[in-house]
């Protein structure tokens with residue numbers, strides 16, 4: 001019987017699976033956020049290109065800021 005330590009401790013196995021899930025969700029969210037930052041960058045540079053151009057990371061930060069300021073603020077009631 002060659003069982004690993006993680007298989008012997010079910011709580012540790014569950015915590016490791018949860019950590020993998022959290023890391024995967026954070027990575028996918030970051031990639032989607034960066035992909036969605038490109039249209040913001042292109043629009044900003046088209047409108048304000050002569051004044052000030054922004055990079056993809058600045059557009060990503062602008063998306064995050066707009067989500068914080070203007071995001072859906074519901075308290076669970078319709």
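Values for this structure:
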item	result
Test result for residue 46, loosely packed, with under 10 Cβ neighbours inside 10 Å, modelled with pLDDT of 85 or more and assigned to a helix (DSSP H, G or I)	yes
Residue match in segment 68-78 (condition: surrounded by 10 or more Cβ atoms within 10 Å (Cβ to Cβ) and within 19 Å of the chain's Cα centre (by Cα))	no
Hey, residue 64 loosely packed, with under 11 Cβ neighbours inside 10 Å, within 16 Å of the chain's Cα centre (by Cα) and assigned to a helix (DSSP H, G or I) or not	no
Inter-residue pairs, beta-carbon under 7 Å, first without any contact (Cβ under 8 Å) to a residue 60 or more places away in the chain and in segment 12-40, second exposed (fewer than 12 other Cβ atoms within 10 Å of the Cβ) and assigned to a helix (DSSP H, G or I), 6+ apart	13/7
Any chance residue 40 is in a helix (DSSP H, G or I), in contact with a helix residue (DSSP H, G or I) (Cβ under 7 Å, 6 or more places away or on another chain) and either within 16 Å of residue 66 (Cβ to Cβ) or at pLDDT 90 or above (or both)	yes
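The values are calculated or read from the model by the stated rules, or taken from the named source; none is laboratory data. Please read these numbers as outputs of a predicted model, since none were measured by experiment. Cβ: placed from backbone, ideal geometry, glycine included. Neighbour counts: every protein chain shown.
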